[in-house]
């Protein structure tokens, strides 16, 4: 990982301190493993800084992220670092009382809540897990997402994971990593394993 | 992330159960961000399974991984999941009493301990953070690493991170992800940030 030295000093009128605390939009995309695990690994750093963390899990499978969720809940409840609020679409968003008709509607409801939380500066790190999909599928308007992120107040960092992240998102993001699959055990017939896939 | 269905059923004489619990060698390499954070994200899943986790941090900077270390120590001490043993080269390996002459010697000492722990089946997940470098630099013999991993007993998973992972390691690994840098804030003059870089 690069450390310390920026390769360019930007002519943006900001002080180093302001620049150092600039909110980042980060994207983990690509077909390889590690997009979400790296986002949750980053959440450990945020937790250590005492930041309030909001996770929005835009996936439906109940089995996914069970380990990450339990670990982050234990950390959030430990009183030693930041707090953790974990929201999952799979069981229906907790703040939505009525039945949602479709995954599309559920994804939109999730995004509406993210917008409210950004406006209220509820969290300092937002993990929008698998949020690239609803954008890719057109369920959530990418241009609107970019406008909201562009105008968000304060120093709220946002990380978005998922394959097929729209090009406009990559263009607008501060950090983009493509998790490129070189080799995966399932290519060799390996089934998903406890402790590895979930 | 792919789930469930392997694309090939191998003719290896193993039952599905045996194959499901096969120890994996995983490598996160490439120039992008997320190699180590994804490894520590994976450690959350291992912790949730109650596995003993051994982290060997083959880096010298004191600032690196402070968030991950504190989070994993809190999790390991919580009594709710697996245990965590965190070993770091930066401050001198805890089991080495004498002064080490060089980073090369320190890296070798770390690898010797990993070998002992693999033989004793001390952990179920080994995070060998930045271990690709000592192999790349020839401080630790890659062929020996591969032979030790090949012959390790039980179901001990090993994950190795770092740029420039040797090709033989990639060939022998079960899972390889290349974290490909598409865009990094430092390219635009952004300095490293708390909660993001450490």
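Hey, can you tell me all the residues within region A:142-157 that are out of contact with any strand residue (DSSP E or B) (no Cβ under 6 Å at 6 or more places or on another chain) and within 13 Å of chain B (Cβ to nearest Cβ)?
Correct list: A:155, A:156.
Inside region A:158-196, can you point out the residues that are on the phi < 0 side of the Ramachandran plot and more than 7 Å from every other protein chain (Cβ to nearest Cβ)?
Filtering region A:158-196 down to residues on the phi < 0 side of the Ramachandran plot leaves A:158-161, A:163, A:165-188, A:190-194, A:196.
A:158, A:159, A:160, A:161, A:163, A:165, A:166, A:167, A:168, A:169, A:171, A:172, listed by residue number.
Let me spell it out: the conditions are (1) touching a helix residue (DSSP H, G or I) at 6+ places or on another chain (Cβ under 8 Å); (2) more than 14 Å from chain B (Cβ to nearest Cβ); (3) not in a loop (DSSP other than H, G, I, E, B), and residue A:139 meets all of them except one. Which number is the exception?
Tallying (1) touching a helix residue (DSSP H, G or I) at 6+ places or on another chain (Cβ under 8 Å); (2) more than 14 Å from chain B (Cβ to nearest Cβ); (3) not in a loop (DSSP other than H, G, I, E, B), residue A:139 fails exactly one: (3).
What pairs come up if the first residue lies in region A:143-160 and is farther than 17 Å from residue A:113 by Cβ, the second is in a loop (DSSP other than H, G, I, E, B), and their beta carbons are under 6 Å apart, counting only those six or more places apart or on different chains?
Close Cβ pairs satisfying both conditions: A:154/A:121; A:155/A:21; A:155/A:23; A:157/A:23; A:157/A:24.
So for region B:169-176 (the condition being crowded, with 20+ Cβ neighbours inside 10 Å, out of contact with any helix residue (DSSP H, G or I) (no Cβ under 7 Å at 6 or more places or on another chain), part of a loop (DSSP other than H, G, I, E, B) and touching a residue at least 60 places away in the same chain (Cβ under 8 Å)), does at least one residue qualify?
Checked region B:169-176: at least one residue is crowded, with 20+ Cβ neighbours inside 10 Å, out of contact with any helix residue (DSSP H, G or I) (no Cβ under 7 Å at 6 or more places or on another chain), part of a loop (DSSP other than H, G, I, E, B) and touching a residue at least 60 places away in the same chain (Cβ under 8 Å).
Quick one: how many residues across region B:149-168 are assigned to a helix (DSSP H, G or I) and either at pLDDT below 95 or surrounded by fewer than 16 Cβ atoms within 10 Å (Cβ to Cβ) (or both)?
Selection size over region B:149-168: 3.
Looking only at residues that are at the interface with chain B (Cβ under 9 Å from one of its Cβ atoms) and surrounded by fewer than 16 Cβ atoms within 10 Å (Cβ to Cβ) in region A:54-65, which one is modelled with the lowest pLDDT?
A:63
Tally the residues that are touching a helix residue (DSSP H, G or I) at 6+ places or on another chain (Cβ under 9 Å) and either surrounded by fewer than 17 Cβ atoms within 10 Å (Cβ to Cβ) or within 19 Å of residue A:45 (Cα to Cα) (or both), restricting the search to region B:183-198.
10
Can you name the number of the only condition in (1) out of contact with any helix residue (DSSP H, G or I) (no Cβ under 8 Å at 6 or more places or on another chain); (2) crowded, with 20+ Cβ neighbours inside 10 Å that residue B:129 fails?
Here residue B:129 clears every test but (1).
Within region B:95-113, identify whether any single residue is within 30 Å of residue A:70 (Cα to Cα) and either within 14 Å of chain A (Cβ to nearest Cβ) or out of contact with any helix residue (DSSP H, G or I) (no Cβ under 6 Å at 6 or more places or on another chain) (or both), and answer yes or no.
Checked against the condition, which is being within 30 Å of residue A:70 (Cα to Cα) and either within 14 Å of chain A (Cβ to nearest Cβ) or out of contact with any helix residue (DSSP H, G or I) (no Cβ under 6 Å at 6 or more places or on another chain) (or both), region B:95-113 yields no hits at all.
Check every one of the helices (runs of 4 or more DSSP H) wholly within region B:18-133 and list those with 1 or more residues that are within 29 Å of residue A:189 (Cα to Cα) and in contact with a strand residue (DSSP E or B) (Cβ under 7 Å, 6 or more places away or on another chain).
Answer list for region B:18-133: B:35-48, B:103-120.
Please pick out the residue among B:87, B:136 that is buried (at least 17 other Cβ atoms within 10 Å of the Cβ) and under 13 Å from the mean Cα position of the chain (by Cα). Spell out how you get there, then give the answer.
On the way: B:136 fails: under 13 Å from the mean Cα position of the chain (by Cα).
It is B:87.
The values are calculated or read from the model by the stated rules, or taken from the named source; none is laboratory data. Everything numeric here is computed off the predicted structure, so don't read it as measured data. A quick note on method: Cβ atoms are made from the backbone with ideal geometry, for glycine too, and the neighbour counts reach across all protein chains shown.
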